[in-house]
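Quick note: the coordinates plus some simple rules give every number you see, no bench work behind them. Treat the numbers as computed from the prediction; the structure is a model and nothing was measured. Please note: Cβ atoms are built from the backbone with ideal geometry, for glycine as well, and neighbour counts cover all protein chains shown.
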Amino acid sequence: MSKTLGISQLDKQTIPLDRLDREVTESCAAGDYVLAERLLNNAIRQAEDYGKLDPRLPFAIHSLAALYCTQRRYQDAERLYWQGLVTREKILGPDHPDVADSLERLAVILRETKGKNEAMYVAFRAQTLASHRKAKV
């Protein structure tokens, strides 16, 4: 996509979720983190304009947080993981498996940025959700 579209076109184009995933994955694999970040920030803006229930929103937030982790931008990643957690809870409900995933990722970042004590509650909540999921199966 980046080869055929100019920067201003990229900012205006709405990308379906599956294509966004593919484009971001390809950009990261090619080492083009600037393009991946731009795609994800664009998706976040568009999803927020569309409405807080747009499924692109939690996907783009979490993907951008993961990208920041690979770049060791832990404070940016932590902020986004918190935002993604809140978004997933609103859209999917507090007991959804994706919420547990958000909690697990946030716990990892908190261990890096704040230490074990701060991460313990978040990790415990993630484990509790995972246990509830297994008990229902």
Take a quick pass over the chain and tell me how many lysine pairs come in under 25 angstrom between Cα atoms, counting only ones 8 or more apart or on separate chains. 5
Which one of Ser63, Ser102, Ser27 has the biggest mean-square fluctuation once the chain is modelled by GNM with Cα springs under 10 Å? Ser27
With every atom except the alpha carbons ignored, what do you get for Rg and Dmax of region 7-136, in angstroms? 15.3, 50
Please arrange Val86, Val99 by counting, for each residue, the other beta carbons lying within 10 Å of its beta carbon, fewest first. Val86, Val99
